[in-house]
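The structure appears below as structure tokens.
What follows draws every value from the coordinates through simple rules; no lab data is involved. Computed from a predicted model, the values in this text were never measured in an experiment. Cβ coordinates were reconstructed from backbone atoms using ideal geometry, including for glycine residues, and neighbour counts include every protein chain displayed.
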Amino acid sequence: MSIKLSKNLENIPPSATVTMTQLARDLKNQGKDVVSLSAGEPDFDTPDHIKMAAIEAIERGETKYTAVDGIDELKEAIIRKFQKDNNLTFLKENISVAPGGKPIIYNAMIATLNHGDEVIIPAPYWVSYPDIVKLAGGTPVIIKTSEESDFKISASDLEKNITENTKWLILNSPSNPTGEVYSRSELKSLAGVLKKYPNVYILSDDIYEHLVYGELTKFSTISEVESSIAERTLTMNGVSKAYSMTGWRIGYCAGPKKIIDAMRKLQSQSTSNPSSISQWAAVEALNGKKDFLKGWLLSFEERRDRVVEMINSANGLTCLKPKGAFYVYPSCQKIIGKKTVEGNVISNDEDFAMNLLKYKSVGVVHGAAFGLSPYFRISYATSMQKLETACNRIIEFCDDLE
Ligand code: PLP
């Protein structure tokens, strides 16, 4: 008997970052000394006061179904967060909580897209955006950026790609995979274009909001910069990256009531509420002390500086120094066409990543997965010692190529 799967799903590859992380994990299980720089999660432990809030929630018996899109206490904490950090004012009816940031984006796309609707996505992009759009029946419209513009789109790039079918623009700053951050003035000029197209909605993925480096870098989100587009902006965030809570699965967003209502309906027929215990932990993450964040930031910044320095010293690699998230996106342009010791030609960034794993047991993710080649992504959310080991191996790998 042949089992037939959804045609929609058959055209979607599994997430490349998850695949590379698994490949590295498999090699490790076979006894190889693998250093994986492919996972997108902080290596810090979830802070104790957040864990305690979860334990107390269990002890209080908060272990039952909750409201489908989040408990009131969490929605109130989210409202306070948006007011305090972003100067954005919302009511509870504007807030949705889901089992992670990814389901927020998935729910928003499924709830709004019809066949033929286009979603503008700057590349390189977070791997899941185009595939979620396709799963929802929409058409991704990719705007490729370049290193010269720090991998950011300009107002004219945006305007050229808007058509009568454009439904959404997805913006992600700080960016996964480049770590680049849109400044207030850059967002203002993008908003200037969006003001002319009232049918275009904006999804602002702010999940790396708290990870920006340097005194001069300030995080801004687009509806704060231009209030006239706020009524069609969905501002998404979550506790995964900011509080090292990737496994707890809590993401949230604020936006137009009509979209929030549709997302609730969808969630009521799919996952139902996010874990009650994780929701209470998220209340503490948002309301509780944040003194640990400073130390985490300093540590990330030191790691970024070291990785950028080491990668730039490798034969044939060049790397910008981005201002946020915990990724760098080096170019391997000058490596393309070179051969490994066994004579395998490195024809593209996927060959680069695969051979690096094969010869030096270092896991990175190839740029093609993020829609812009020839690059690769390094996640520096791991110890300095592992980063230095991995970077030394990358330097050796590049030196060995002919
Ligand atoms: N958005 C971006 C840009 C991400 O990098 C990620 C996770 O890697 C997410 C959303 C999803 O986060 P979560 O783990 O909360 O689903």
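Summarising the amide proton neighbourhood of Val365: residues at separation of 5 or more, or on other chains, whose placed amide H is nearer than 5 Å comprise Arg377.
With θ taken as phi - 60° and the Karplus curve 6.51 cos²θ - 1.76 cosθ + 1.60 applied, the whole-hertz 3J(HN,Hα) list for region 149-158 is 9, 6, 6, 10, 8, 9, 4, 6, 4, 5 Hz, x standing for glycine and proline. Tell me, which longest segment in the chain has none of the trypsin sites (Lys or Arg not before Pro) that fall in DSSP loops with at most 14 further Cβ atoms within 10 Å? For trypsin sites (Lys or Arg not before Pro) (loop position, at most 14 other Cβ atoms within 10 Å), the longest site-free span of the chain is 65-194. If you average the C-alpha positions of region 327-402 and of region 141-188 separately, how far apart do those two centres end up, in angstrom? Distance between centres, Cα-based: 26 Å. Rounded to the nearest 10 degrees, the angle from helix 184-194 to the longest Cα principal axis of the chain is 70 degrees. Listing His49, His210, His366, His115 from fewest to most neighbouring C-beta atoms within 10 Å gives His115, His49, His210, His366.
Which shape class applies to region 261-369: rounded if a/c is under 1.5, otherwise prolate when a/b exceeds b/c and oblate if not, where a ≥ b ≥ c are the square roots of the Cα gyration tensor eigenvalues? Since a/c reaches 1.5 but b/c is at least a/b, the shape of region 261-369 is classed as oblate. Against the chain, whose longest principal axis is taken from its Cα atoms, helix 349-360 shows a tilt of about 60°. Let me know the shape class of region 324-367, please: from the alpha-carbon gyration tensor, a ≥ b ≥ c as square roots of the eigenvalues, rounded when a/c is under 1.5, otherwise prolate if a/b is greater than b/c, or oblate. It is oblate, given that a/c is not under 1.5 and a/b is not larger than b/c. Both radii are taken from the alpha-carbon atoms of the chain; with Rh as the Kirkwood radius, Rg/Rh is 0.96.
Hey, got a sec? Which GluC sites (Glu not before Pro) in region 178-265 land in a DSSP loop and have at most 14 other Cβ atoms within 10 Å? Please list the in-between numbers first.
Numbers: sites: Glu180, Glu186, Glu209, Glu215, Glu224, Glu226, Glu231; in loops: Glu180, Glu209, Glu215, Glu226.
Here the sparse-neighbourhood loop sites are Glu215.
At each listed q (0.07, 0.15, 0.17 Å⁻¹), what is the log10 of I(q)/I(0) that the Debye formula gives for region 63-287 modelled as equal alpha-carbon point scatterers? Taken in order of the listed q values, log10 I(q)/I(0) reads -0.20, -0.96, -1.26.
Only counting other Cβ atoms within 10 Å, I'd like Asp48, Asp117, Asp261 sorted with the fewest neighbours first.
Numbers: Asp48 9, Asp117 17, Asp261 14.
Least to most surrounded, the residues fall as Asp48, Asp261, Asp117.
Classify region 135-217 as rounded, prolate or oblate from the Cα gyration tensor: take a ≥ b ≥ c as the square roots of its eigenvalues, call it rounded if a/c is under 1.5, otherwise prolate when a/b beats b/c and oblate if not. Note, shape of region 135-217 comes out prolate.
Counting other beta carbons within 10 Å of each residue's own, what order do Met52, Met236 fall into, fewest first? Display every interim value, and only then the final one.
Numbers: Met52 13, Met236 25.
Final ranking by Cβ density, sparse to dense: Met52, Met236.
Relative to the longest principal axis of the Cα atoms of the chain, the long axis of helix 276-287 lies at roughly 90 degrees.
Just the number, please: percent antiparallel of the DSSP beta bridges in the chain, rounded to the nearest 5.
Details: 16 of 36 bridges.
Counting only bridges with both partners in the chain, antiparallel ones make up about 45 percent.
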